[in-house]
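Note sheet for the following structure.
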Amino acid sequence: MRTLAAIVTIAVVLGALPVAARTAQGRDVRYADDRLSIDVENMPLREVLATIAEASGAKLVGEPQDGERAITLVIESSPAEDALRRLLGAQPFALRYKKDGTLKSIVLVAPSNEPAAPTVAARPPAPAPTPVPVALGRPLAVDGALAASLDAKEAPFAQVMDLAMRSDDKAVRWQAAQVTVEALDGDADLREAFLKTYGNLNPQLAAGTIQHDPNGQEFVRFLAENARTDELRRRAAAVIGALSERE
């Protein structure tokens with residue numbers, strides 16, 4: 001009976017501890033109350049982010065800009081947003097939460113690499129990747145179904161755009177697309193950052209990315225039909241044309 005009581009006591013104590021993902025000795029990530037404790041040494045950024053996702057139960061969306069960069073870092077009980085900002089540097093990201101306040105997903109906005117023209121001649125090494133513009137983290141005001149989905153009245157551009165292409169709710173997708181396109185039309189700096197990040201909407205590259213993604217195709221069509229900026233409409237229409245060629 002004493003043995004049983006001891007087991008129950010241990011289980012209760014363990015259940016109260018923060019969620020943790022331990023990868024190896026000296027490599028430890030803990031998440032509790034939307035705060036992160038990180039103790040890693042020479043661990044690739046990609047693995048650190050995957051371990052954070054495991055510890056928090058959140059879905060990791062997107063790719064880090066420099067996933068193989070070795071991270072040596074000790075953070076003790078820092079707000080999740082601050083800890084991720086230290087890890088990611090200039091790369092924009094967004095945190096999405098469930099209605100109960102728990103972390104749902106970590107959304108990374110990764111830079112795109114436009115394909116170089118085919119050649120058999122020797123080429124010099126490619127330049128270092130340009131940091132993703134921080135303009136994509138610009139907060140946007142939201143309301144209606146979109147605000148209800150986010151459980152907030154404001155969200156970063158990158159997060160709103162993610163909902164425009166990934167939400168299972170059509171009403172949320174439509175409203176997110178509307179907010180995204182209005183923001184792009186109204187802010188030249190944001191528009192430039194968007195095009196730079198997404199490879200200037202290269203028709204073949206973009207078409208290949210969304211070829212089997214109905215929601216992504218829906219967003220590009222919305223952009224082509226509703227954007228007031230000629231450049232956005234023209235580039236989106238070119239992507240739709242490239243999609244038609246693949247059918």
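What follows is calculated from the coordinates using simple rules that are stated; it is not laboratory data. Here the structure is a predicted model, which means the values were calculated and not measured. FYI the Cβ positions are ideal-geometry reconstructions off the backbone, even for glycines, and counts take in every protein chain you see.
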Worksheet item: Once phi is turned into ³J(HN,Hα) by the Karplus curve 6.51 cos²θ - 1.76 cosθ + 1.60 with θ = phi - 60°, what whole-Hz value does each residue of segment 70-83 show in order, with x for glycine and proline?
Response: 6, 10, 10, 7, 10, 10, 10, 6, 9, x, 3, 4, 5, 5
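Can you tell me, using C-alpha contacts under 8 Å and at least 6 residues apart, the relative contact order of segment 132-247 as a whole percent? Intermediate results must be reported in sequence, preceding the final value.
On the way: 139 pairs, mean separation 25.6, N = 116.
The value is 22 percent.
Using only the alpha carbon atoms of segment 20-104, find the Kirkwood hydrodynamic radius as the inverse mean reciprocal pair distance, in angstroms to one decimal.
With all distinct Cα pairs of segment 20-104 included, I get 12.8 Å.
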Worksheet item: Which log10 I(q)/I(0) values, to two decimals, does segment 132-247 give at q = 0.17 Å⁻¹ under the Debye formula with one point per Cα?
Response: -0.79
Discussion item. Just to be sure I understand the model, the point goes 7 Å from the Cα along the line to the Cβ. What's the resulting ASN200 to ARG86 distance in nm?
Written reply: 3.9 nm
Practice prompt. Quick one: which residues, 5+ away or cross-chain, put their amide H under 5 Å from the amide H of LEU60? H built at 1.01 Å from N.
Written response: ILE106
Worksheet entry | At q = 0.14, 0.22, 0.27, 0.32 Å⁻¹, base-10 log of I(q)/I(0) for segment 49-91 (Debye sum, equal scatterers on each alpha carbon) | -0.33, -0.87, -1.32, -1.51
Worksheet item: Between LYS59 and ALA188, how many nm apart are label points set 7 Å from Cα along the C-beta direction?
Response: 3.8 nm
